[in-house]
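The values are calculated or read from the model by the stated rules, or taken from the named source; none is laboratory data. Only a predicted model underlies this, so the values are computations on that prediction, with no experimental measurement involved. Neighbour counts are summed over all protein chains in view; Cβ atoms, including those assigned to glycine, are modelled from backbone coordinates with ideal geometry.
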Amino acid sequence: MGILSQIFGGDRSDGQFRSAMQHLSNRVDQSERNSGRIQILRNSGVSERDRRSLKVYFVTNSRDKAKALIVELSARGHRCEWSPPAGRDNVFIVSGVTCDLSMNDEQIMKWTDEMCDLAAGLDCEFEHWTLQ
């Protein structure tokens with residue numbers, strides 16, 4: 001495999017879903033997207049003092065990785081399930097609902113970083129969250 005494929009991903013014969021560079025890029029992207037998501041929360045009447053559940057979505061390339069992620073999310077009080085690939089090249093989707101979380105801007109940013117890091121540690125990717 002070429003050096004660019006190792007850095008940016010591409011066809012991975014070793015079973016790895018995302019490269020370290022892709023995980024870092026996703027973490028930055030999620031952080032940038034949070035400002036818009038938080039604005040949607042505020043426009044929906046959710047204040048920084050509220051606690052709410054969020055819908056969450058992750059992706060990976062194997063059932064075992066999806067199951068491992070669900071174990072970790074369950075340990076944090078979140079309820080999630082996985083679904084097999086459908087229409088995407090071997091992409092397993094993990095989706096679910098979080099426990100009640102603080103809707104404080106800083107806490108949402110911190111939680112999003114934690115979800116990105118948790119997913120990256122299991123070779124999964126945190127895709128996004130929405131209001132439950």
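Observations on the model:
- Test: residue in the stretch 47-54 that is at pLDDT 95 or above, surrounded by 19 or more Cβ atoms within 10 Å (Cβ to Cβ) and either in contact with a Phe, Trp or Tyr (Cβ under 6 Å, 6 or more places away or on another chain) or more than 18 Å from Q132 (Cβ to Cβ) (or both): yes
- Residue within the stretch 62-82 that is touching a strand residue (DSSP E or B) at 6+ places or on another chain (Cβ under 7 Å), among the basic types (K, R) and within 12 Å of W129 (Cα to Cα) present: no
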